[in-house]
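Please treat every number below as a calculation from the coordinates, not as lab data. All values derive from a computational prediction rather than experimental measurement. Ideal geometry is used to build each Cβ from the backbone, glycine not excepted, and the neighbour counts take in all protein chains shown.
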Amino acid sequence: MKKRALSIMIALAFVLVSFVGVHAASTVKIGFTYIMSGPFSAYGQFARQGAEMAIEEINAAGGINGQQVEGFFEDSTGKADVALRAIRKHVYQNKVDILIGLDSSGVAKTVVPSIEQMKTPLIITHAATPDVTGSVCNKYTFRISLNLAQNVKAASLLANETGAKKWTTVGPDYSFGHQSWEYFEKYLKQLNPQATFLPKDQVVFSPFKTTDFSSYITKVMNSKPDGVFISLWGGNLIDFVRQASSMGFFKQKYEVLFSLGAATEVLTALGDKMPEGLWVGTRYWFLANNSALNKKFVAAYFKKYGAYPSYNAHGAYSAVYAYKAAAEKAGSTDKMAIVNALEGLTIEIPTGVITFRKGDHQAVTDAHWGKTAADPNYPLRILKPIKIFKGKNVTPAISETGCSLGAAM
Amino acid sequence: MDFLLLNILNGLSWGMLLFLIAVGLTTVFGVLGVLNFAHGSLFMLGAYLCMQVMQYFDSFWLGLLLGPLCAVIIGVLVEKYLLKRVYNRDVSFQLLLTFAILLILDDGVRMIWGSGYHVVDPPELLAGIMTIAGQDYPVYRLFLIVIGPVIGGILWSFFHFTKWGKIIRAASFDNIMAEGVGINVPLIYTLVFALGTWLAALGGALAAPQQSLVPSMGEKIIIESFIVVVIGGMGSFPGAFVGALLLGLLGSFGTMFAGQLQMAIPYLLLAAVLLIKPNGLFKKGV
């Protein structure tokens, strides 16, 4: 009797396992890679929330081409080698159909060249370096979020309007900070040949781990610029803003532009300690678009998580929907079919209608800037007025990006 | 030349914070012989506990008082149940153990308070701004500059003029002899580790109004504290003070004048000191 029970149980276990196996084979798998630990993990958290919400919505509405969607999350820790391992795990172990994610530009630049060997499409949702849709672009890599060139182009248009002549910068000391300044210089010089830029040893690039910005702040104030372009983000940005406002930095006569100042991760933490009237940029602003889709997204997100969606939440959420659109257009989840379907795909996402350009796979998407303002209805500073720079006006021509996809075909 | 004064203040305020962390690290090393990798996590824990107390009582001063004391409880438990087991083992055991404690504390904090950014307000009394050399300067930074030497002075007097201080110094010179003359050395070890924990957590609570709270907030300060301790001489109290001042001031003036080279300054200083005085500035050669 006992033996029989055992054999029944074993048989049952086999049935269960094979059921799980069949079940797993019939899902669409998405591999997400974000910073889930360390000083920037708040960004990964938001991305995960956006991704999970999109998957839930899609599954409730019947999935992609009738298949349920399953998400896998890996921690990139913001380090290139760890991220690459995470991506390999997604592709070879989790056997995902598509990769979504990447926060740091440094990570993206290392990971993207090896995506080609893995023959799996990747949609970047945060990392902003122009190189991944430029000098190291490839057939499998797409980006749905605003890139550095687009954001900085908008910044330089704004900087030109202010009339400020002598510019300096405060940025993080790695490729993102240096490239932001390089592009800002290039674009503003084109718009206003009279603009001047402080030399390398007088501008500020602070190491990632900096927590005390006082001497950098004194240095910038002492250089007496007309305008300061700031590309700090995350905890660096919070620390800088708090210390700078207590040192009277924002009371000076110069213009201040924060290229990533309107991240809700940062604005929520700062609350009323974010000074009013500063120009801040972002990849997505939850109040910038009045479309039904955006309103629905913001309301659903707030209901689920009790917070306003940040640009990273928006990027991850939208990338899942972009994949869904591509899979439906292709009628399959075959990786090559998805790549072909994503090329030139036009889709409405909460921030607006975007198109993945055929030439470099960068989404042509609007850049949002605005002035920080207090509003009693929100616990964080909002943007008022909001300035929207149309995607086609801030996206550099493909010939300028240095990307040639033709060879990869 | 106004900015010179501002630079000195900037350097001093960072240096004094550094001193509080380094003095705890160096005292623990001097007495217990343990290089505590988790010291930076205790700094971070102090900041979070201060924030938590502030949420209950809405007072920074209570946070400053109770937060580090709560951290001390954790420190005592760590010493009694974990560190105690590795004193007589190879140094690598201590390094592995304290590193494990670091990971546990960091992830524990992440589990409780999440990985988002938190900010703590300075107390109203110190939230103001003073005009120094025609520029705004936060009063809180001046407070940091004052509190460092005050706590340092109290500690120094404690070590030199009280019975317990003398006992601790005796135990650090020769723990076997100390045990021989009837001193309860295990108790001394627990007390010293508690003191080190308190100093780290106090530093964290003091830093909280200045910097955003994230589980990794201790990383930068702990690296610089290690450099301070080595420069000043492992286990040396005045060494920690001078080392912290040097690093703080070189940091702020380096930012102003050395451009990108500024990042290398602490390491260059470290290398120079090790070449000239391998035992640090304030330690007599062995």
### Message
Pick from A:Lys109, A:Lys200, A:Lys358 the residue whose mean-square fluctuation is largest in a GNM of chain A, springs joining Cα atoms under 10 Å.
### Response
A:Lys200
### Task
Could you tell me the distance between the Cα centroids of the range B:16-35 and the range A:346-377, to the nearest Å?
50
### Message
Which of A:Glu116, A:Glu276, B:Glu124 has the fewest other C-beta atoms within 10 Å, and how do the rest follow up to the most?
### Response
B:Glu124, A:Glu276, A:Glu116
### Task
Provide the per-residue ³J(HN,Hα) series for the range A:377-393, in order, calculated from phi with Karplus coefficients 6.51, -1.76, 1.60 and θ = phi - 60°, each as a whole number of Hz, with x at glycine and proline positions.
7, 10, x, 10, 5, 10, 9, 7, x, 9, 10, 10, 9, 4, x, 5, 7
#### Entry: Alpha-carbon centroids, the range A:117-156 and the range A:221-254: separation in whole Å
28
## Note on the structure
For the range A:21-129, the dipole about the Cα centre with charges only on Cβ (Lys and Arg +1, Asp and Glu -1), to the nearest 20 debye, works out at 360
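How much net charge surrounds A:Lys165 when only other residues with a Cβ under 14 Å from its Cβ are counted (Lys, Arg +1; Asp, Glu -1)?
Once all neighbours under 14 Å are counted, the net charge is 0.
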### Summary
To the nearest 10 degrees, the tilt of helix A:311-330 (Cα long axis) against the first principal axis of the alpha carbons of chain A is 50
### Task
Provide the gained length on full extension for the span A:Lys95 to A:Tyr174, in nm with one decimal, where the gain is 0.36 nm per separating residue minus the Cα-Cα distance.
25.2 nm
### Summary
Applied in sequence order to the range A:125-140, the curve 6.51 cos²θ - 1.76 cosθ + 1.60 (Karplus, θ = phi - 60°) yields integer Hz couplings, x standing for Gly and Pro, of 10, 9, 3, 10, 4, x, 4, 6, 10, x, 4, 10, 5, 8, 4, 8
### Task
Please work out whether the protein assembly as shown counts as rounded, prolate or oblate from its C-alpha gyration tensor, where a ≥ b ≥ c are the square roots of the eigenvalues and a/c under 1.5 means rounded, while otherwise a/b larger than b/c means prolate and anything else oblate?
oblate
### Message
Quick check: Cα centre of the range A:264-303 to Cα centre of the range B:226-285, how many Å?
### Response
44
### Task
Grab the beta carbon distance between A:Gln117 and A:Ser26, set R0 = 41 Å, and tell me the FRET efficiency rounded to 0.05.
0.90
### Message
Springs between alpha-carbon pairs under 10 angstrom, Gaussian network model over chain B: which of B:Tyr189, B:Tyr81, B:Tyr140 fluctuates most?
### Response
B:Tyr81
### Inter-label distance for A:Lys189 and B:Ser59, nm, one decimal - labels placed 7 Å from Cα along Cα-to-Cβ
5.9
### Task
Using R₀ = 45 Å, calculate the FRET efficiency as 1/(1 + (r/R₀)^6) where r is the Cβ-Cβ separation of A:Ala397 and B:Phe257; round to 0.05.
0.60
### Task
Pull the list of the protein assembly as shown cysteines that no other Cys approaches to under 4.7 Å, Cβ to Cβ.
B:Cys50, B:Cys70
### Query
Of A:Ala322, A:Gly306, A:Gly62, which is farthest on the positive side of the dipole of chain A, counting Cα position, with +1 on Lys and Arg Cβ, -1 on Asp and Glu Cβ, and the Cα centre as origin?
A:Gly62
## Note on the structure
Relative contact order as a percentage, chain A, C-alpha pairs under 8 Å and 6+ apart, gives 18
### Query
For the residue pair A:Arg88 and B:Ile176, what label-to-label distance in nm results when each label sits 7 Å from Cα along the Cα-to-beta-carbon direction?
5.1
### Query
For B:Leu142 and B:Ala100, what does the FRET efficiency come to when R0 = 45 Å and r is the distance between their Cβ atoms, rounded to the nearest 0.05?
0.70
### Query
Between A:Gly261 and residues 5 or more places away or on another chain, which pairs have amide H atoms under 5 Å apart, with H built 1.01 Å from N, and which residues are they?
A:Gly281
### Message
Quick check: pseudo-label points 7 Å beyond the Cα along Cα→Cβ at B:Asp121 and A:Lys384, how many nm apart are they?
### Response
2.2
### Task
Go through A:Lys119/A:Lys139; A:Lys165/A:Lys186; A:Lys224/A:Lys387; A:Lys358/A:Lys392; A:Lys253/A:Lys273 and tell me which ones have a Cα-Cα distance over 18 Å in this structure.
A:Lys224/A:Lys387; A:Lys253/A:Lys273
### Query
Given +1 on the Cβ of Lys and Arg, -1 on the Cβ of Asp and Glu, and no further charges, what dipole in debye does the range B:2-217 carry about its Cα centre, rounded to the nearest 20?
620
### Query
Which value, in debye to the nearest 20, describes the size of the charge dipole of the protein assembly as shown about its Cα centre when Lys and Arg Cβ atoms bear +1, Asp and Glu Cβ atoms bear -1, and nothing else is charged?
780
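What is the fewest-to-most order of A:Met274, B:Met234, B:Met54 by other Cβ atoms lying within 10 Å of their Cβ?
Starting with the residue having the fewest Cβ neighbours, the order is B:Met234, B:Met54, A:Met274.
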## Note on the structure
A correct fewest-to-most ranking of B:His118, B:His160 by other Cβ atoms within 10 Å would be B:His160, B:His118
### Query
For the charge dipole of the protein assembly as shown, defined by +1 on Lys and Arg C-beta atoms and -1 on Asp and Glu C-beta atoms about the Cα centroid, which residue among A:Asn377, A:Thr351, A:Leu84 has the Cα displaced farthest towards the positive pole?
A:Leu84
